Amino acid sequence: MSEDTVTPPGTPGAARLGSLPAGAPGRIGKYEIRGVLGKGASGLVYKGFDPFVQREVAVKIALHMTEDRQAGNFEAQAKNFFIEARAAGMLNHPNIIGLFDAGMEEDLCYIVMEYVDGDTLLPWCRRAGPRLPVEKVVDIGLRCARGLDYSHSKGVLHRDIKPSNIMITLDGTPKIMDFSIAELNEPREGEASVAVGSPLYMSPEQVMRQSIGPTSDLYSLGAVLYQLFTGEPPFFSPHLPGLFAAIRNQPAPNLALKRGDVSRDLCNILAKLLAKKPADRYQNGLDLATDLMREHERLRASDAQSTRRENRDSLRGLAFFNAFTETEIDEILSASQLKTFPAGATMVQEGDVESAFYILAMGQALVRKGGKPLHVLGKGDCFGEISLLSGVRRTASVEAVSTVLALRINATLLDNLATDSQLRFYKTFTQTLIYRLTMTSSRLSAATPSPPVT
């Protein structure tokens with residue numbers, strides 16, 4: 001690395017497919033080349049297709065190899081390029097991009113990797129946001145820590161952990177990629193006098209060109225997590241000398257000053273990751289993953305408690321639950337589901353068999369019988385009483401008129417409630433059923449013409 005300026009953090013680098021430039025190969029080896037995914041320090045990455053196993057792949061081709069051959073550096077550069085293949089080829093982990101193949105065709109050196117349909121972490125590191133939820137950042141850190149622990153156990157140091165080298169799949173799984181400057185206990189050509197890595201995420205020992213170990217990769221992961229939380233890297237200067245001086249000498253910034261919604265334990269985890277001395281950091285990814293797992297479980301428990309409280313509060317406003325205690329409402333929630341139905345969705349279908357009872361917590365729904373509209377239900381209204389009691393076929397359909405939030409109470413699960421809660425529910429349920437039957441009877445009476453007077 002020889003740059004004397006630093007690119008501002010959060011520059012977008014989304015993995016979007018670009019058209020093939022002039023002169024790009026249409027095929028390399030058995031792989032069809034279909035577009036450009038991105039460009040790294042050591043190669044251009046194409047989207048490819050393997051016709052033999054019928055799957056999409058990512059094909060990375062070394063840059064400037066023709067010039068290197070003319071300059072007499074081809075063998076050295078090819079060796080460095082294929083260190084990435086050897087490093088990635090040693091690793092088989094769900095949080096590390098998989099390697100399928102590597103080879104050389106004329107002056108083109110290439111490696112073939114797993115294609116990930118997703119994006120890097122860069123969009124979530126921009127200063128202006130958006131920020132990922134705390135629980136999601138912790139989950140990313142946890143999984144990357146496991147991936148790095150596995151990599152280190154195989155003797156592979158990544159040396160370039162940064163947002164653009166962590167992909168997020170469409171289902172939210174992080175995958176570490178780009179082992180182009182990985183260390184495999186073998187020397188690389190031309191590295192003796194340069195600091196290796198990406199400046200914003202380099203550890204103090206990388207900056208000082210000292211020997212590094214697993215704690216260096218974990219420091220870099222800490223810098224990535226800090227930027228995910230705040231939109232800023234831990235240290236920044238527009239010039240390398242100032243940035244490197246800050247990394248070497250300034251204490252790690254306190255996450256709590258930027259994010260008041262994170263726990264003290266999480267702040268301590270970030271502080272330990274960003275410690276200046278390797279001995280003061282996490283010594284392996286497993287220890288880091290253990291602490292992050294504790295934090296992840298705490299956040300999930302807190303979210304579940306918050307959700308239960310919000311659900312209980314939404315039911316408290318319904319007439320059906322006026323006589324219930326909070327404990328009894330919590331028990332009813334455990335035997336039910338809060339379901340959301342978009343406008344136009346069928347909530348229950350005429351003729352279906354279902355032992356469930358519904359209470360509308362929000363929105364309106366239309367009751368139809370034989371396709372004919374009967375009446376509209378609103379907040380607090382119920383339907384399905386007979387189905388709950390006997391499990392008979394539905395005699396009418398119910399369709400959401402607007403977005404509907406409804407509590408679906410399962411008859412089988414009600415049997416598992418405490419006796420007092422069951423009694424409270426069935427007492428209220430019976431009163432509701434009697435009221436509904438009375439109203440139905442009144443409507444039928446009003447609709448029936450009086451007999452003629454003779």
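The values are calculated or read from the model by the stated rules, or taken from the named source; none is laboratory data. These numbers come from a predicted model, not from an experiment. So basically every Cβ, Gly included, is an ideal-geometry build from the backbone, and we count neighbours across all protein chains shown.
Being at pLDDT below 85, hydrophobic (A, V, I, L, M, F, W, C) and in a loop (DSSP other than H, G, I, E, B) is the requirement here; does Ala323 meet it? Against the criterion (at pLDDT below 85, hydrophobic (A, V, I, L, M, F, W, C) and in a loop (DSSP other than H, G, I, E, B)), Ala323 qualifies. From the list Ala256, Ala252, Ala223, the one residue that fits, being at pLDDT below 95 and assigned to a helix (DSSP H, G or I), is Ala256.
Does Arg86 qualify as being farther than 24 Å from Leu170 by Cβ, assigned to a helix (DSSP H, G or I) and modelled with pLDDT of 80 or more? It is true that Arg86 is farther than 24 Å from Leu170 by Cβ, assigned to a helix (DSSP H, G or I) and modelled with pLDDT of 80 or more. Criterion applied to Arg264, Arg248, Arg298, Arg259 was being more than 22 Å from Lys162 (Cβ to Cβ) and touching a residue at least 12 places away in the same chain (Cβ under 8 Å), and the one residue passing it is Arg298.
Looking only at the range 136-175, residues that are assigned to a loop (DSSP other than H, G, I, E, B) and among the polar types (S, T, N, Q) come to 1 in all. Here Gly72 meets the list (1) over 28 Å from Arg126 (Cβ atoms); (2) in a loop (DSSP other than H, G, I, E, B); (3) at pLDDT 85 or above almost entirely, failing just condition (3). Scanning the range 114-135 for residues that are among the β-branched types (Val, Ile, Thr) and in a loop (DSSP other than H, G, I, E, B) turns up at least one hit. Candidates Val59, Val53, Val36: the one that is at pLDDT 90 or above, part of a strand (DSSP E or B) and either surrounded by fewer than 14 Cβ atoms within 10 Å (Cβ to Cβ) or among the β-branched types (Val, Ile, Thr) (or both) is Val59.
When the criteria are applied in full, Asp178 meets the requirement of being assigned to a loop (DSSP other than H, G, I, E, B) and crowded, with 23+ Cβ neighbours inside 10 Å. Exactly one residue among Glu331, Glu295 is buried (at least 17 other Cβ atoms within 10 Å of the Cβ) and at pLDDT below 85, and that residue is Glu331.
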